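The structure under discussion appears below in the form of structure tokens.
The values are calculated or read from the model by the stated rules, or taken from the named source; none is laboratory data. The structure displayed is predicted, hence computed values, not measured ones. Glycine also receives a Cβ, built like all others from the backbone with ideal geometry; neighbour counts cover every protein chain displayed. What goes into the accessible areas is simple: the full protein's heavy atoms, side chains included, and nothing from ligands, DNA or RNA. Shrake-Rupley method; radii C 1.70, N 1.55, O 1.52, S 1.80 Å.
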Amino acid sequence: QVQLVESGGGLAQAGGSLRLSCAASGRTVGSYAMGWFRQAPGKEREFVAGIGLSAGTTYYADSVKGRFAISRDNAKNTVYLQINRLKPENTAVYFCAARWALVSVSARDYEYWGQGTQVTVSS
């Protein structure tokens with residue numbers, strides 16, 4: 001199985017950028033479809049972005065298209081989420097997740113999860 005550790009979160013101002021990282025160990029991240037999810041207080045965990053086994057296949061929630069970018073570096077066993085033009089409503093805990101086969105927008109389809117990294121955006 002794979003272990004996932006997120007990093008890169010923190011406090012940022014609206015309009016700024018952050019790059020979140022998801023470092024994998026145990027197995028190569030290249031064996032999995034990867035997803036980023038977020039969960040704000042009092043809300044359900046929601047899909048943000050996903051990347052397939054082929055790095056050219058990416059998926060985004062409509063709310064983040066054009067501002068978020070997911071990528072993977074199989075040599076570093078790491079998946080990234082670049083967040084640009086931050087908004088206060090982006091405040092949430094961001095999780096990366098892995099699953100066999102295809103990217104899914106449903107959190108319940110992912111077998112492996114990191115512990116999350118907090119992103120807080122001030123206006």
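Key figures for this structure:
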{"read-out": "Residues located in segment 102-123, provided they are open to solvent by 50 Å² or more (accessible area, probe 1.4 Å), touching a Phe, Trp or Tyr at 6+ places or on another chain (Cβ under 9 Å) and not aromatic (F, W, Y)", "value": "V105, E111, Q115, Q118"}
{"read-out": "Residue among F47, F37 that is in a strand (DSSP E or B) and open to solvent by 20 Å² or more (accessible area, probe 1.4 Å)", "value": "F47"}
{"read-out": "Conditions (1) surrounded by 16 or more Cβ atoms within 10 Å (Cβ to Cβ); (2) touching a residue at least 24 places away in the same chain (Cβ under 8 Å); (3) not charged (D, E, K, R); number of the one not met by Y60", "value": "(2)"}
{"read-out": "Among residues of segment 29-62, those that are under 10 Å from the mean Cα position of the chain (by Cα) and β-branched (V, I, T), counted", "value": "2"}
{"read-out": "Cβ-Cβ under 7 Å pairs, at least 6 apart or on other chains, segment 76-90 side within 16 Å of L53 (Cα to Cα), far side in a loop (DSSP other than H, G, I, E, B)", "value": "N77/T28"}
{"read-out": "Residue satisfying all of: in segment 67-98; surrounded by fewer than 15 Cβ atoms within 10 Å (Cβ to Cβ) and part of a loop (DSSP other than H, G, I, E, B); farthest from the chain's Cα centre (by Cα) among these", "value": "A75"}
{"read-out": "Filtered residues of segment 4-18 (kept if part of a strand (DSSP E or B) and either at pLDDT below 95 or surrounded by 14 or more Cβ atoms within 10 Å (Cβ to Cβ) (or both))", "value": "L4, V5, E6, A12, L18"}
{"read-out": "Scan of segment 20-43 for residues that are in contact with a Leu (Cβ under 7 Å, 6 or more places away or on another chain) and under 22 Å from P88 (Cβ atoms), ordered by number", "value": "L20, W36"}
{"read-out": "Residue under evaluation R45, criteria (1) out of contact with any helix residue (DSSP H, G or I) (no Cβ under 7 Å at 6 or more places or on another chain); (2) basic (K, R); (3) under 26 Å from L11 (Cβ atoms), criterion not met", "value": "(1)"}
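Quick grid of which residues meet (1) out of contact with any Phe, Trp or Tyr (no Cβ under 9 Å at 6 or more places or on another chain); (2) at pLDDT 95 or above; (3) aliphatic (A, V, I, L, M):
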| residue | (1), (2), (3) |
| --- | --- |
| T28 | yes, no, no |
| G35 | no, yes, no |
| K43 | yes, yes, no |
| E46 | no, yes, no |
| Y59 | no, yes, no |
| N74 | yes, no, no |
| V79 | no, yes, yes |
| Q82 | no, yes, no |
